[in-house]
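Trainee: Before I ask anything, let me first share the structure, which is written out below as structure tokens.
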Amino acid sequence: MNGVIFLETLRRSWKQIFYWGIGIGLYGIFPFSMIPDQEGLDTYGDMVDTLDPALLRAFGIGGDVSFATPEGFIGYSFFGYMLLILAIFAVIAGLNVSVNEEEGGMMDMLLSLPVPRWVVIVEKLLAYTVMVVGILALGFVGLVIGNQMASDVLRVSTGALFEGVVNILPGTVFILCFTTLVGTIVGRRSTVMAIAGLFVVGSYLVDMIGRAADTEATNVLREFSIFAHYDGGAVLANGIAVGATLVIIALALIFSVASTQLFQQRDIAV
């Protein structure tokens, strides 16, 4: 690899880091502005306690993490939804790895370069992974600013916030690699978008319904959802689930390797 495709992908798409990162950073400030003091946080906690426990479980609220603590409130209100939000970016990025440029007629230019086909996939995946890191870095800045704006009683440790942000990365890259793999198999943008979108929404619904039902069967079914292993709502209080994270990373690597192999073997629509 000589990095040409990697740098060109970043050159063409680097602005997305700021568009997404600033938006997520502002979103990171928002939940801290909602909790002026411990009394206000207790009020939110009391309101939540009046809701149906099944409904709370559906949205990942409950268990051993109290909504009336800074870790619980920020975890549920910010980290609980962040993987779903960044899944949108991951699907768009996965489409850009190969499918969009195939249908746009630009893949022939890339393949005319003196580089193996697999380099196209690998360098593009690396470039979009770097972009995800950049987006998360700006989001972390927003969280730190919000944390500094909060009162001493309501602050969360910077280390916990950093760990929560790091926890978003494996799941986002997983969805990026999954979309890329589907793209190398199918080769049609509309179909890939439908499959990847169905996968993300279906995984989220499986996790939500499984939490609400809380039966043995639904708990087994939840194991197939990326969101069940992400568990963003509890990450500030419990830390990263190392075992689940390693499995997600391993699957993302398998998807990326499979993508490079399939891309080399099939005809490209140029």
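Trainee: Cβ-Cβ distance below 8 Å, separation of 6 or more or different chains: which pairs start in segment 66-82 with a residue that is free of Cβ contacts under 8 Å to residues at least 60 places away in the same chain and end on one that is of a type in the set (Val, Ile, Thr)?
Mentor: As it stands, the answer is PHE67/VAL48; PHE67/ILE61; ALA68/VAL48; PHE73/ILE35, since those pairs meet every condition given.
Trainee: Right, LEU169: in contact (Cβ under 8 Å) with a residue 60 or more places away in the chain and either within 30 Å of GLN38 (Cα to Cα) or crowded, with 17+ Cβ neighbours inside 10 Å (or both) or not?
Mentor: When the stated conditions are applied, LEU169 does not pass them.
Trainee: Tell me, yes or no, whether segment 186-196 has at least one residue that is touching a helix residue (DSSP H, G or I) at 6+ places or on another chain (Cβ under 6 Å), within 19 Å of GLY75 (Cβ to Cβ) and at pLDDT 90 or above.
Mentor: no
Trainee: For ILE74, only one of the following conditions fails: (1) crowded, with 19+ Cβ neighbours inside 10 Å; (2) over 29 Å from THR218 (Cβ atoms); (3) not charged (D, E, K, R). What is its number?
Mentor: Failing condition for ILE74: (2).
Trainee: Let me ask something additional. If you take the residues of segment 99-139 that are modelled with pLDDT under 80 and among the acidic types (Asp, Glu), which of them is farthest from the chain's Cα centre (by Cα)?
Mentor: ASP108
Trainee: For segment 220-235, does any single residue satisfy the condition of being free of Cβ contacts under 8 Å to residues at least 12 places away in the same chain and surrounded by fewer than 23 Cβ atoms within 10 Å (Cβ to Cβ)?
Mentor: yes
Trainee: Given the structure, is GLY197 assigned to a helix (DSSP H, G or I), surrounded by 15 or more Cβ atoms within 10 Å (Cβ to Cβ) and touching a residue at least 24 places away in the same chain (Cβ under 8 Å)?
Mentor: Numbers: assigned to a helix (DSSP H, G or I): yes; surrounded by 15 or more Cβ atoms within 10 Å (Cβ to Cβ): no; touching a residue at least 24 places away in the same chain (Cβ under 8 Å): yes.
Judged against the criteria, GLY197 is not a match.
Trainee: Do we have LEU181 as crowded, with 20+ Cβ neighbours inside 10 Å and either part of a helix (DSSP H, G or I) or more than 17 Å from the chain's Cα centre (by Cα) (or both) here? Reasoning before the result, please.
Mentor: Details: crowded, with 20+ Cβ neighbours inside 10 Å: yes; either part of a helix (DSSP H, G or I) or more than 17 Å from the chain's Cα centre (by Cα) (or both): yes.
Spelling it out, LEU181 is indeed crowded, with 20+ Cβ neighbours inside 10 Å and either part of a helix (DSSP H, G or I) or more than 17 Å from the chain's Cα centre (by Cα) (or both).
Trainee: Has segment 203-219 got any residue that is in a helix (DSSP H, G or I) and under 30 Å from GLU39 (Cβ atoms)?
Mentor: The answer is yes; a qualifying residue exists.
Trainee: For segment 1-44, which residues satisfy the criterion of being closer than 24 Å to PHE162 by Cβ and free of Cβ contacts under 8 Å to residues at least 40 places away in the same chain?
Mentor: TYR19, GLY23, listed by residue number.
Trainee: To continue, here is another question. Every residue in segment 25-39 that is at pLDDT below 90, surrounded by 14 or more Cβ atoms within 10 Å (Cβ to Cβ) and assigned to a helix (DSSP H, G or I), please.
Mentor: Those that are at pLDDT below 90, surrounded by 14 or more Cβ atoms within 10 Å (Cβ to Cβ) and assigned to a helix (DSSP H, G or I): PRO31, PHE32, GLN38.
The values are calculated or read from the model by the stated rules, or taken from the named source; none is laboratory data. Small disclaimer: the values here were computed from a predicted structure and weren't measured. Positions of Cβ are backbone-derived with ideal geometry, glycine not excepted, and every protein chain shown enters the neighbour counts.
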